[in-house]
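Here's the structure we're looking at; comments come further down.
Only the coordinates and a few stated rules stand behind these numbers; no lab work does. What you are looking at is a predicted structure, and each value in this text was computed from that prediction instead of being measured. Here Cβ is always computed from backbone atoms with ideal geometry, including for glycine, and neighbour counts include all displayed protein chains.
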Amino acid sequence: MPVLENELREYTQLVWQTLLDLEVVPSPDDPIPLLAKDWVTACVQIMGEWTGLVVLETHPDLARTLAGKMFFLEPGEITTEEIKDSQGELINMVGGNIKALLPEPNYLSVPIVALEGHSLFFPGTIPVTQICFLCEEQKFRVSLLQPTTRSRVSQKIQSEPF
């Protein structure tokens with residue numbers, strides 16, 4: 001059973017509507033490979049009683065459109081900095097809402113963003129929820145990743161004092 005699937009869907013739709021005045025709808029299919037190589041990938045980590053990652057994967061054209069909407073810019077005015085800032089803010093808002101549902105104490109990392117041609121890898125994690133959406137006739141995906149059982153043990157061992 002996917003973890004926090006309904007909440008992830010609702011918060012993603014709420015954040016896009018509130019920040020960008022854009023409607024997003026779940027897509028019936030999900031042909032996007034996880035962590036697609038040429039896409040813009042943004043993530044935040046939640047650490048605490050529940051540990052995992054909230055990941056946003058966006059086609060570069062849609063990432064540019066979202067940055068333009070967020071910063072009220074024309075297409076020719078959008079820089080890579082605005083794309084990084086907008087993707088970071090979107091995943092920060094979705095991740096912060098998910099964090100608020102989890103048992104305390106928990107902490108949210110600052111967003112990390114990789115632009116097209118660069119990749120983020122999350123070794124030792126598995127996807128527990130993936131939702132593909134349509135926005136402006138383009139797809140994007142929001143996922144929750146959790147450490148595998150083995151990596152949870154490694155994290156515990158590494159975090160204990162000597």
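Is any residue of the stretch 46-67 close enough, with backbone N under 20 Å, to a label point placed 7 angstrom from the Cα of Val25 along the Cα-Cβ axis, and if so, which? Taking a point 7 Å out along Cα→Cβ of Val25, the residues of the stretch 46-67 whose backbone N falls under 20 Å are 59, 62, 66. Taking 7 Å steps out from each Cα toward its Cβ at Tyr107 and Asp85 produces label points 2.7 nm apart. Judged by the mean number of other Cβ atoms found within 10 Å, the most tightly packed of the peptides 70-76, 120-126, 44-50 leads the ranking 44-50, 120-126, 70-76. Panel order for Ser86, Ser109, by other beta carbons found within 10 Å of each beta carbon, from fewest to most: Ser109, Ser86.
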